[in-house]
Amino acid sequence: MGQGKRADNETAARLSAAPLTPSEVSIDATLAAIADPARRRTIELLRQRPHRAGELAASLGLTAAAMSRHLRELKRSNLVEETHPAFDARVRVYSLKAGAMAELKDWLAETEAMWARQLASLKTHIERQTQ
């Protein structure tokens, strides 16, 4: 194995052993939560308006237990919040949490900017080589 490969492997091992920052934990939780199609569809429904759990389950064709698991994961990742109307504390109404995906959006913007810089640098390098 060449020196470059060994250095890459050592760097990867060091990075994977480093503790995650709170922002990285939040981004990981968000990505894990939206990895499931039912949870993404739940978010789409909640973008329209708040819903009761039963309404969400019916719209998605899920059992109450399955919907409960999905909502628990979305709450755990801080994407949705649950409220109880004053007329009946047993009823749970779910809505999207304001700013829940802000860290993910920031990370995506930073990553996109990094790739744009890298591609511009590559373009400049290639243009210099061809002159």
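The values are calculated or read from the model by the stated rules, or taken from the named source; none is laboratory data. As the structure is a computational prediction, the values presented were derived from the model and not from experiment. Cβ placement follows ideal geometry from the backbone for every residue including glycine, while neighbour counts extend to all protein chains displayed.
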Answer yes or no: is there a residue in segment 13-24 that is small (Gly, Ala, Ser), surrounded by 12 or more Cβ atoms within 10 Å (Cβ to Cβ) and at pLDDT 85 or above. no
In segment 91-128, which residues are surrounded by 11 or more Cβ atoms within 10 Å (Cβ to Cβ), among the aliphatic types (A, V, I, L, M) and either on the phi > 0 side of the Ramachandran plot or not in a helix (DSSP H, G or I) (or both)? Val91, Val93, Leu96, Ala100, Met101
Extreme residue, surrounded by the most Cβ atoms within 10 Å (Cβ to Cβ), among residues of segment 59-90 that are within 23 Å of the chain's Cα centre (by Cα) and assigned to a loop (DSSP other than H, G, I, E, B): Leu79
